[in-house]
Amino acid sequence: MQMPDPNPAVLSKKARLVARFLSVLPADAVIHDETETRAYECDALTAYRCPPLCAVLPSSTAEVSAILRICHEEGVPVVPRGSGTSLAGGALPTADSVILGVARMNDVLETDYRNRFIRVQTGRTNLSVTGAVEEEDFFYAPDPSSQLACAIAGNIAMNSGGAHCLKYGVTTNNLLGVTLVLMDGTVVEIGGAHLDAGGLDLLGVICGSEGQLGVVTEATLRILRKPEGARPVLIGYDSSEVAGQCVSDIIKAGVLPVAIEFMDRPCIRATEAFAHAGYPDCEALLIVEVEGAADEITEQLDLITAIARRHNPVELRESGSAEESARIWLGRKSAFGAMGQINDYICLDGTIPVSALPHVLKRIAEMSAEYGLGVGNVFHAGDGNMHPLILFDANKPGDLEKCEAFGAEILKLCVEVGGCLTGEHGVGIEKRDLMGTQFTAADMEAQLRVKDVFDPQWLLNPAKVFPLALTAGRRAA
Amino acid sequence: MMHPETEADLAEAIAGAGGPLRIVGGGTRGIGRPVAGEVLSLAGLAGITLYEPGALTLVARAGTPLAEVEAALAAEGQRLPFEPMDHRALLGTAGAPTIGGVVAVNASGPRRIQAGACRDSLIGVRFVDGRGDVIKNGGRVMKNVTGYDLVKLMAGSFGTIGVLSEVAFKVLPRPEMAATLRMEGLDDEAAVRVLCAALGSPFEVSGAAHVPGGPGVMIRVEGFAASVSYRVAQLRALLLPYGDVVVETEPEAVNAGWKRVRDVEAFAGRPGDVCRISVKPTDGPRAAAAIGAREVMYDWGGGLIWALVPEGRDIRPALAGIGGHATLIRAGAETRAARPVFPPEPAPLAAISAGLRAQFDPRGILNPGLMG
Ligand SMILES: Cc1cc2nc3c(=O)[nH]c(=O)nc-3n(C[C@H](O)[C@H](O)[C@H](O)COP(=O)(O)OP(=O)(O)OC[C@H]3O[C@@H](n4cnc5c(N)ncnc54)[C@H](O)[C@@H]3O)c2cc1C
Ligand SMILES: Cc1cc2nc3c(=O)[nH]c(=O)nc-3n(C[C@H](O)[C@H](O)[C@H](O)COP(=O)(O)OP(=O)(O)OC[C@H]3O[C@@H](n4cnc5c(N)ncnc54)[C@H](O)[C@@H]3O)c2cc1C
């Protein structure tokens, strides 16, 4: 993956920059020693690494503002960072950049159950937001699988989703307001505890902007009362086509499950070997979960299992207890870990129209044979968000490149059938050079113009999201 | 008047425009500052281009009448989740509202508290910007984080960033049944307490309004019949300590009741200006008292106040210490020309908004001045 050459003028003023940072931050919040900056050399896309010039760990919005003002004056690129779990290389530094990490900003600022929101500093992890309201039986809905580690900052920047977003939506649908620091240090409040901000929907633009428009330091999030209960059913089929039809029929019947997850045979086998969840050895497995009171759950599951039976499942297992529910989810939740046991993998997350599912799975299997690389598919079937995991051997020269080429083919296929390159992980560096397959020059130019308004000098996370050739002129100016 | 029938025609019309354009869908939502300019009508750019009930997706050209979209969805037992308001009665306008107009004003009704606003269901747009460039963003799939989210930027931009040619939605199943719980005679403070209690319950309330002097507190639940009756019973038990609860399940009555809230029918045809105030729900009663309205009505659990105020009155100063903001929805042209119709933004945000408009519409020809 190509990254821009570091700017020698920036590299040469490291000492001065560090001194300026130390004038606004405590010494332990400025990391400039070359062994210590290594801790920030990559995110969860570990194939790509580059230590930053230095890293700063502010504790408040005011400190973030002071740092950005300095970087703006000095013309230094800044890469915002939450917990570094991005799978797209969104938080990958360049050698001439400053990592601005919000990990120390993890306070709860306000909880308001009557108005149903929580205001937090964005370094707080996703799961600990729910943790802060759990005792009142509330929760924060978006639930990326990485929720134990990932920060609200990264969730907002990537507009992250999770297994339950079929019902509750993704981050942007649960975000009410942010405190945003612009590259020149200006602090702005967008949205808040009320539902409508006046004027253009800037909050919607900030969410999913991958750290390129401003640094989000605080966030107002919608919290919801926990449902009375939830219960999944596991359904196995001999063909992914039939499984896809079953999903479509469930949706058409007017049931809205909280989650519909899908796993294919390679993925089922890998997770069975790893987690022993007792999954059937079949072509396609669905986990459908519904919520509500006991009787409501039964009513919905009866409807779902009746539909599922019409398609002759090889297995149909309705959970009858919390224990059985946990077992049904066990395999799905350990899918990534299980695949990681077999091999190195890259995880894609293109989205397709649900109707294109059988065709896309068939093509992926064909390509897998052509490239000689294994693939497991596990994904959010209700909304068509695929997660093909392509296996490769990092120690085998050329394997990563082959794997990436295969991945690119899959993503192009997703776009071809009417879908998109990324449903929840973001573009980062990983899909940057594929943007042209989904967007025309005018589509991308429109987006670049938005960045021109928020960050005219192109200093915030500049080498991400768009093909480098397209942004070269703007980054150099 | 310009009347393009294809997206290419639309692009050509905008690229070749010699001066300001007044963008008209169905001509029913005359919100914003009056715009002088040649009329650009989207009525010719109509038709549903894709509808897959099994994938909960619908795509339509911007000039498609809303009624056509709703009928197509109803035929498959589905609907737009966000319950768009019909402005005709309140504004005294005629014409057929278009789906593009719904998006351009981000029209969202009572169900917003549960299903989100129009912008939350909108998954893709195609539009022509002020330079005449055709731009697409988002797509036809529910989950999409590829590039910046200009879909949200377009929703509620009142045609000032670009002219929509096509819009795509995530739709939802129409529930088997709906019921309304009503409580009369509560003062505004007590009513909002009740709404908060209902919305803070696990019973999936899809409407929470308070119409003083009318039906009073209204709480809606929707879903499968057995589930609705269960939740109604639970909510009733929860709310009884606050006063008597009447349950309404007759479909016509339930629908009519929520349509009255959605369309603010109470203020239709009555003298006075109409403002829409967005606040933190528990601040609602204080805000309503502060502005000295002739009459108010609360939706969104108290967070949306519809106020009928004496003609020409500026209510913003009274809201200053409370937070939230007011949009002028109905007023004479003089008032709308003299005063910002939309809540004034703090300087740095106003600069960003102006910057975005300058990028997308460098000649300033799309509904100029409408948003201030
Ligand atoms: C095992 C695993 C499972 C995962 N499962 C899911 C899943 O189910 N759903 C999903 O959506 N994602 C998933 N992810 C991806 C990842 O966890 C999300 O993208 C997450 O939101 C990243 O958060 P982070 O705090 O780690 O951000 P980082 O990786 O630190 O940064 C991500 C992006 O956010 C920007 N950023 C960080 N902080 C700020 C800030 N304060 N202001 C502005 N921009 C900022 C960065 O510049 C970068 O572009 C998974 C990752 C892993 C490793
Ligand atoms: C007696 C009288 C009283 C009036 N009172 C009022 C009043 O109280 N308040 C008021 O505001 N006006 C009032 N007007 C003005 C009049 O109602 C409006 O000028 C007219 O209705 C404009 O509606 P529209 O066609 O733009 O609405 P719609 O077509 O419904 O459009 C709604 C909004 O979306 C934009 N739009 C529509 N389609 C698209 C698209 N495809 N892409 C992008 N943007 C789009 C429009 O520009 C408009 O801003 C009054 C006029 C008269 C004669």
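Using Cα atoms only, what is the angle between the long axis of helix B:66-75 and the major principal axis of chain B, expressed in degrees (0 to 90) to the nearest 10? For helix B:66-75, the angle is close to 60 degrees. In the frame of its principal axes, the range A:225-377 has Cα extents of 49, 30, 30 Å, reported largest first. Would the range B:177-262 count as rounded, prolate or oblate if I go by the C-alpha gyration tensor, calling it rounded below 1.5 in a/c and otherwise prolate when a/b exceeds b/c, oblate otherwise? Judged from the Cα gyration tensor, the range B:177-262 comes out oblate (a/c at least 1.5, b/c at or above a/b).
What is the range A:43-125 by shape, rounded, prolate or oblate, if you read a ≥ b ≥ c off the alpha carbon gyration tensor as root eigenvalues and call it rounded for a/c under 1.5, prolate for a/b larger than b/c, and oblate otherwise?
Details: a/c = 3.23, a/b = 1.50, b/c = 2.15.
Oblate shape, in that a/c is at least 1.5 and b/c is the bigger or equal ratio.
Put in order of Cβ neighbour count within 10 Å, fewest first, the listed residues B:297, B:142 become B:297, B:142. When all alpha carbon pairs of the range A:181-288 are counted in 5 Å bins from zero, the resulting P(r) reads 2, 9, 14, 12, 9, 8, 11, 12, 11, 8, 3, 0 %.
Taking 8 Å as the Cα distance limit and 6 or more residues as the minimum spacing, I'd like the relative contact order of the range A:226-374 as a percentage. Each step should come with its number before you reach the end.
Values: 205 pairs, mean separation 53.5, N = 149.
Answer for the range A:226-374 is 36 percent.
The mean number of partner chain beta-carbon atoms within 10 angstrom of a residue's beta-carbon across peptide A:408-419 is 2. Listing A:40, B:230 from fewest to most neighbouring C-beta atoms within 10 Å gives B:230, A:40.
Report, in debye and to the nearest 20, how large the dipole of the range B:265-338 comes out about its Cα centre when Lys and Arg carry +1 and Asp and Glu carry -1 on their Cβ.
On the way: 9 positive and 8 negative charges, 22 e Å.
Here the size comes out at about 100 debye.
Within chain B, the percentage of alpha carbon pairs spaced more than 31 angstrom apart rounds to 37%. To test your reading of the geometry: what angle, between 0 and 90 degrees and rounded to tens, separates the Cα axis of helix A:399-416 from the longest principal axis of chain A? Approximately 70 degrees, to the nearest ten.
Please give the calculated 222 nm ellipticity per residue for the protein assembly as shown, where each DSSP H segment of at least 4 residues contributes -39500 (n - 2.57) and the sum is spread over every residue; nearest 500 deg cm²/dmol?
Numbers: 31 runs with 286 residues, N = 849.
Counting only the DSSP helices, I get -9500 deg cm²/dmol.
The C-alpha atoms of the range B:20-89 occupy a region whose extents along the principal axes are 44, 25, 15 Å, arranged from largest to smallest.
Could you tell me what fraction of 2.2 N^0.38 Å the Cα radius of gyration of the protein assembly as shown comes to, as a two-decimal ratio? Could the numbers behind the result be given before it?
On the way: Rg = 26.3 Å, N = 849, 2.2 N^0.38 = 28.5 Å.
It is 0.92.
For the range B:234-285, a Kirkwood hydrodynamic radius built from all Cα pairs, placed in the Stokes-Einstein relation at 10 °C and 1.306 mPa s, yields a translational diffusion coefficient of 111 µm²/s.
As a ratio to 2.2 N^0.38 Å, the alpha-carbon radius of gyration for the range B:265-338 is 1.02. Among the GluC sites (Glu not before Pro) within the range A:1-43, which fall in a DSSP loop and have no more than 14 other Cβ atoms within 10 Å of their own Cβ? Qualifying residues, ordered by number: A:34, A:36. Ranked by how many other Cβ atoms sit within 10 Å of their own Cβ, fewest first, the residues B:283, B:187 fall in the order B:187, B:283.
For chain A, the ratio of Cα radius of gyration to the globular rule of thumb 2.2 N^0.38 Å stands at 0.99.
With charges only on Cβ, +1 for K and R and -1 for D and E, what is the dipole size of the protein assembly as shown about its Cα centre, in debye, rounded to 20? Spell out each step's value before the answer.
On the way: 76 positive and 100 negative charges, 338 e Å.
With only Lys, Arg, Asp and Glu charged at Cβ, the dipole is about 1620 debye.
Taking a quarter of the surface of the Cα convex hull of the range A:69-195 gives a mean projected area of 8.4 nm².
Label separation (residue A:322 vs residue A:35): 4.7 nm, computed from points 7 Å beyond Cα along the C-beta direction.
For the range B:7-173, the fraction of alpha-carbon pairs lying more than 22 Å apart is 38 percent, rounded to a whole number.
Residues of A:433-445, mean number of Cβ from any other protein chain within 10 Å of their own Cβ, rounded to a whole number? Kindly include the intermediate steps, with their values, before the conclusion.
On the way: counts 0, 1, 2, 0, 0, 5, 5, 4, 1, 6, 8, 3, 5.
Shielding by partners across A:433-445 averages 3.
When the Cα atoms of the range B:99-152 are aligned to their principal axes, the ranges along those axes come out at 36, 24, 15 Å in descending order.
Measure nothing fancy, just the Cα-based angle from helix B:225-239's long axis to the longest principal axis of chain B, in degrees from 0 to 90, nearest 10. For helix B:225-239, the angle is close to 60 degrees.
Please compute one quarter of the surface area of the Cα convex hull for the range B:200-309 and express it in square nanometres. Let's see the in-between values first.
On the way: hull surface 29.5 nm².
For the range B:200-309, averaging the hull's shadow over all directions gives 7.4 nm².
Based on the Kirkwood approach, the hydrodynamic radius assigned to the range A:382-477 is 15.0 Å, with every pair of different Cα atoms included.
With contacts taken as Cα pairs under 8 Å at a separation of at least 6 residues, chain B carries a relative contact order of 19 percent. Counting Cβ atoms of other protein chains within 10 Å of each residue's Cβ and taking the mean over peptide B:322-328 gives 3. Taking every DSSP beta bridge that has both ends in the range A:48-141, the antiparallel portion is near 35%.
No value in this document is a laboratory result; all are computed from the given coordinates. Note that this is a predicted model, so its numbers are computed, not measured. No Cβ is skipped: glycine too gets one built from the backbone with ideal geometry, and neighbour counts run over all protein chains shown.
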